[in-house]
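Each reported figure results from applying straightforward, stated rules to the coordinates on display, with no laboratory input. Source: prediction; values computed, not measured. Backbone-built Cβ (ideal geometry, glycine too); neighbour counts: all protein chains shown.
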Amino acid sequence: MMTADPRKVPRAIAVEKISYAEAMELSHFGAKVIYPPTILPVLQKGINIQIKNTFKPQDHGTIICTDPGNRKNTLSGISSIDDIALISMQGSGLQGVSGMASRLFQTVSRAKINIILITQGSSEHSITFAVLPNDADQAQKAIEEEFELELQLGLIDPINIERELSVVAAVGENMKNIPGISATFFEALGRNGVNVKAIAQGASELNISIIIFKKDVRKALNAIHEAFFLSGTKTANLFIAGTGTIGATLLEQIKAQSEKLLNENAIDLRLVGVTNSRKMLFKRESIHSGNWEHELEENGVKADINAFTEKMLEMNMRNSIFIDNTAHQIVTDKYEDILNASISIVTPNKIANASKSERYANLHQIAGKYGVKFLYETNVGAGLPIISTLKDLIQSGDKIIKIEAMLSGSLNYIFSKCDDQYSFLDVVKEAHEKGYTEPDPRLDLSGMDVARKILILSRESGIKLELTDVQVENCLSQESQNAESMDTFWKKLEKIDNASFEARRQGAEQQGKRLKYVAKLEFGKASTQIQEVDPSHPFYNVSGTGNIVSFTTERYREIPLVVIGPGAGAEVTAAGVFADIIRIANV
């Protein structure tokens, strides 16, 4: 006997010893290894039963006995009946009226219908029981005939049948008198968005049975099995969209770290879905993170983000995380559907959080409603802990007075590299060639990327702003920004912007200052602008692609709290995404 059906729970393990009562319970709820009537004769004589694997006769197998002794696992096994119907009889006429339950079950018995599970609320307002789907209509007809008068008088509501349901049962004599078993059981289900329609538990505490939607059976079985049998191992099923620079680097980091995470932290990361702009691939048993490119190329089908999302929801796997490594709005448009399906989201894509404030609030509300995570640390400073630091300050009761930040690695590289030897034009071209800017540098030089980041920090601070509320200074002239082609842009940059920027830089240098592109949040207003800073300013010596954020708060009023580090690059961004994944997997 196994702890669960291995066809549904691949990590099911063999049970060494189990009691007669436990074996009977599991077989009643779908375990096919034994047939209950075969147990009765040996049960009466107290004879042990040994079940062996036909294909592995050398293995120990399972002993069914009177007293299995002490076992490390609280449960003995989990089983399910995959297709049942739920019949409910309710109404004010049931309350305090003796004999109603007796009449109901005698009626069902006379119709020769087997009842699988019964549950009744203490208010006596309703009685619910489960039967096989083929028996549901016959049971309804028999009940309506028996209670015809009560139905006509409105004492009983119309008999209700719900279909496409399943029973999942957790069985184990070790559950007796051990607190927290039910909490673990239902927490595992709730965290994975499994809605429980009905619950039944006997006074013997041998069995906890629930009725859930049929589509959730596999997820429920795996979630419960992981909670009770896998020694604290936490599995996260990953669906990754985007395999460009950041996505490919993330997959390399997962490959390098997965064994250590499993052995030292009991975290099992499984890549079960991946898509890029051309192909997508799903594999319930896990895609090897070291061979994903080959598998995607050989076995993938044409990519489509709508189809990818639909398949992810259809797979309905427990502890699922969707990772959006793209910069596309078409992907962020699926976030609501994903969160509504109790799937967590991790993303460096800032489009959703920089959209309308109503949508920003709605995404966070949905995540809270379904108990999943929406994490985006890399929205602002690549791998730097900027958002988490801000949240920690606010949640600990501090008050934000001012935020100043350099949030663009590409702009900081350009501004810090310009000097008497390297002109603005030279450095912009160099940054473009090195891949520090977007393919179109105007996207960086416009300041809008920084504006989105300070907008996100504003919202995380509790200030409701729109992107149009952020005052943005463009680093380019209108002629360069509106150039019809890249060739024209470079010419405009050389003719107009190069000289004007150089004049501004030299003016600052003569005063012993440097130009920096700074975002600011103060007095409820957000802005981004080219700012002259002197040597006493913490931003003065930040060079290269570094980012820096200064938090002035009630607690850090005299000396602001500063977060500084690399603010661009695939390695640090992927590491930030990876850290968010671990935060979710480790819950």
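Figures for the structure shown
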read-out	value
Percent antiparallel among DSSP beta bridges (both partners in the chain, rounded to 5)	75
Subset of K350/K520; K219/K464; K255/K369; K279/K492 violating a 30 Å alpha-carbon distance limit	K219/K464; K255/K369; K279/K492
Cα-based equivalent ellipsoid, region 488-587: semi-axes from gyration tensor eigenvalues, Å	31, 22, 13
Cα-Cα separations in region 311-413 greater than 21 Å, expressed as whole percent	42
Test item: Cα-centred dipole of region 201-312, Lys/Arg +1 and Asp/Glu -1 on Cβ, debye	340
Dipole magnitude of the chain, debye to nearest 20 (Cβ charges: Lys/Arg +1, Asp/Glu -1, about Cα centre)	960
Where only alpha carbons of region 435-522 are counted, the Rg and the Dmax (Å)	15.2, 43
Overall Cα dimensions of region 53-101, principal axis frame, Å, largest first	60, 28, 19
Rg(Cα) / (2.2 N^0.38 Å) computed for region 1-153, rounded to two decimals	1.35
Evaluated at q = 0.23 Å⁻¹: base-10 log I(q)/I(0), Debye formula over Cα of region 230-332	-1.31
Region 519-527 - phi-based ³J(HN,Hα) in whole Hz, Karplus 6.51/-1.76/1.60, Gly and Pro as x	9, 9, 10, 7, 6, x, 10, 10, 8
CD proxy at 222 nm, helix term only [per DSSP H run n ≥ 4: -39500 (n - 2.57); per residue of the chain; nearest 500]	-11500 deg cm²/dmol
Rg [Å, one decimal], Dmax [Å, integer] - the chain, C-alpha atoms	31.2, 101
Cross-link pairs K402/K453; K8/K214; K141/K197; K373/K399 - those with Cα-Cα distance over 18 Å	K141/K197; K373/K399
Residues of type aspartates and glutamates that K516 reaches as a straight line, Cα spacing below 16 Å, ignoring anything fewer than 8 places off in the same chain	E404, D419, D444, D449, E473, E502, E532, D534
